[in-house]
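The values are calculated or read from the model by the stated rules, or taken from the named source; none is laboratory data. Everything numeric in this text was worked out from a predicted model, so none of it was measured. Positions of Cβ are generated from backbone atoms using ideal geometry, with glycine treated the same way; all protein chains shown enter the neighbour counts. Heads up: the accessible areas ignore ligands, DNA and RNA and are worked out on the full protein's heavy atoms, side chains in. Shrake-Rupley method; radii C 1.70, N 1.55, O 1.52, S 1.80 Å.
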Amino acid sequence: MMTFDPLGDGISRVEHLDHMGDDLRVVNAARISFDRESHLECDDTGQWLQDQDEKLIGFLAENEHVSPFFHPQICLRITMPSFLAHQWWRSTVGVSRSEVYRRYVVAEPQCYQPPHWRLRAQQPKAGSGTGELGAERQAALSVEVERLYRDIRTLYGQMIQEGVAPELAQAVLPQATYTRWIETGSLHYFVRACGLHTGPMAQRELRLYAEAVSEIVGGLFPVSWKALTRHTAA
Ligand SMILES: Cc1cc2nc3c(=O)[nH]c(=O)nc-3n(C[C@H](O)[C@H](O)[C@H](O)COP(=O)(O)OP(=O)(O)OC[C@H]3O[C@@H](n4cnc5c(N)ncnc54)[C@H](O)[C@@H]3O)c2cc1C
């Protein structure tokens, strides 16, 4: 199973759980129009798509004949801080998600602590620039934030001990709290979502997630991924 830790803190995760189909599935979803079917070329060293089938995938991507790319499905488990998940979930078409519910789960919350506190960008839509807080203030702020997270964990734990319903107690948790979900989406959905979140205006942390997803899905469908990323407008 392929697994990445995009934020490098030992908690963040993108895990490949399962997938259906391959590049040949895309080819044959298109070839059914003429009631035809392609097969892989193979020899002792392995199997690969025929040249004409690679060209067909390029043609489909270039001319936005996208439905053949809806047939392959990929299932990932993603562990992400909530403030990033809200952005990731804005892509809605071609994907289904099922999330851990803190109405039912009372595990100690795990929170993301950014290793560097970037400064606001001159251009507001860019989110952050290349500048960071000075080293001394960075260190002090990180200590303050860790203390805040610790206090919140303590309060949350007390509330649960006192019998407060988890569905209400979760209201005190910060947006840095990790959440986890399973998402199953089409190859086309993943190309689209990764295109949006690896773009120049995307938040750096989301870009790291999108790069991990691209590694997984791009590795499973190399010909389609290359063709779609060249031609799909994010
Ligand atoms: C850098 C960046 C900044 C952003 N900033 C903000 C922000 O400030 N505030 C904010 O709210 N969002 C923001 N977003 C989210 C953005 O507006 C989109 O909601 C998000 O990127 C998902 O886009 P999508 O096209 O993949 O959507 P999906 O929901 O996956 O839809 C895919 C496509 O299906 C079609 N579609 C979907 N729903 C409909 C519909 N109801 N009617 C007709 N066609 C439909 C559209 O063609 C759409 O592009 C931002 C996204 C990025 C990448």
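Points worth noting:
- Annotation: peptides 141-148, 197-204, 20-27, ranked by per-residue average of other Cβ atoms within 10 Å with the highest first, follow the order 20-27, 197-204, 141-148.
- Kirkwood Rh and Cα Rg combined as Rg over Rh, evaluated for region 114-208: 1.08
- Summing charges over all other residues whose Cβ lies under 15 Å from the Cβ of Gly21, with Lys and Arg as +1 and Asp and Glu as -1, gives -3.
- Largest-first principal axis extents, alpha carbons of the chain, Å: 65, 44, 34
- Considering only Asn63, Trp48, Pro109, and ranking their Cα positions along the charge dipole of the chain that arises from unit charges at the beta-carbon of Lys, Arg, Asp and Glu, the one farthest toward the positive end is Pro109.
- For the pair Arg150 and Arg137, label points projected 7 Å from Cα toward Cβ lie 2.4 nm apart.
- Largest mean-square fluctuation among Gln110, Gln138, Gln175, in a Gaussian network model of the chain whose springs join Cα atoms under 10 Å apart, belongs to Gln138.
- Tensor-based shape of region 118-172 (alpha-carbon gyration tensor, a/c under 1.5 rounded, otherwise prolate or oblate): oblate
- Residues whose placed amide H lies under 5 Å from that of Ser128, excluding near-sequence neighbours: Ala121
- Measuring with a 1.4 angstrom probe and ignoring ligands and nucleic acids, His71 comes out at about 90 Å² accessible.
- Principal-axis tilt of helix 51-62 within the chain, Cα atoms, nearest 10 degrees: 50
- Solvent-accessible area of the chain (1.4 angstrom probe, protein heavy atoms only): carbon and sulfur portion equals 51 percent.
- Put simply, the amide H of Gln110, placed in the peptide plane, has neighbours under 5 Å in Tyr178, leaving out anything fewer than 5 places away on its chain.
- Angle between the chain longest axis and helix 187-197 axis [Cα atoms, degrees, rounded to 10]: 50
- With protein chains left intact and a 1.4 Å probe, residues in region 118-172 average 73 Å² of accessible area per residue.
- Relative to the longest principal axis of the Cα atoms of the chain, helix 222-231 runs at roughly 80 degrees.
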